[in-house]
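Attaching a single structure in structure tokens format; questions to follow.
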Amino acid sequence: PILEFCELSGTLQEYSVEKIPDEAGLEDTSFLVAAGRGAGSKEQVQEMEKIAKKIGADFGVSRPVAMSAWAPMDRLVGVSGALTKPKICIAVGASGAPAFYTGIEKSDFIVAVNTDEKAELLKKADVSIQGDCMEVMRELERMMEK
């Protein structure tokens, strides 16, 4: 319990803080799709999340995506979010900034998708795809439906 003195009434008031259980966090996922600013818009991030769920992956985002309100903060991956260690991480539209990379670097296998050939993550990933992240996600969805 937290005690607080109320100057107006001259009384002590007691509050309690209770953590509400939530679903398993991104820290424990085995398959992660993580979107970066290259996703382009809130609508595309939402579409990526739907595709991720459809293929059995959890969904996370980089700080720029969360700060743009394209996804909730509880999806944040990186230094100030979840430090993940999935078996597979597909990072789409993420440049690979150090704060984000710290959140996925313990992945067993990283696939990076980015249109920018100079994106740092393309150099660090196990597999790099230079291309449009939405096209790649939609193709992945089609492949998984077969």
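The values are calculated or read from the model by the stated rules, or taken from the named source; none is laboratory data. Since this is a predicted model, take the numbers as computed values, not measurements. With ideal geometry, Cβ positions are generated from the backbone for all residues, glycine too; neighbour counts draw on all protein chains shown. Accessible surface is based on the protein model in full, side chains and every heavy atom, while ligands, DNA and RNA are left aside. Shrake-Rupley method; radii C 1.70, N 1.55, O 1.52, S 1.80 Å.
Would you mention how many residues in the range 49-69 are assigned to a loop (DSSP other than H, G, I, E, B) and on the phi < 0 side of the Ramachandran plot?
Within the range 49-69, residues that are assigned to a loop (DSSP other than H, G, I, E, B) and on the phi < 0 side of the Ramachandran plot number 4.
When the range 70-103 is examined, which residues are found to be part of a loop (DSSP other than H, G, I, E, B), under 18 Å from K118 (Cα atoms) and hydrophobic (A, V, I, L, M, F, W, C)?
If we filter the range 70-103 for residues that are part of a loop (DSSP other than H, G, I, E, B), which is where we start, we get 70-72, 78-81, 83-87, 93-97.
Narrowing further to those that are under 18 Å from K118 (Cα atoms): 93-97.
Selection gives A94, A97.
Sticking with this structure for a sec: Condition first: open to solvent by less than 60 Å² (accessible area, probe 1.4 Å) and of a type in the set (V, I, T). Now tell me which residues in the range 88-113 satisfy that.
Taking the range 88-113 as the starting set, the residues that turn out to be open to solvent by less than 60 Å² (accessible area, probe 1.4 Å) are 89-94, 96-97, 99-104, 107, 110-113.
Passing the criteria: I90, V92, T102, I104, I110, V111, V113.
For the condition in contact (Cβ under 8 Å) with a residue 12 or more places away in the chain and either farther than 18 Å from G38 by Cα or surrounded by fewer than 23 Cβ atoms within 10 Å (Cβ to Cβ) (or both), what is the one hit in K146, K118, K85?
Only one candidate qualifies: K85.
Let me ask something else about it. Is it the case that some residue within the range 113-130 is hydrophobic (A, V, I, L, M, F, W, C), in a strand (DSSP E or B) and within 17 Å of G60 (Cβ to Cβ)?
Yes, the range 113-130 contains at least one residue that is hydrophobic (A, V, I, L, M, F, W, C), in a strand (DSSP E or B) and within 17 Å of G60 (Cβ to Cβ).
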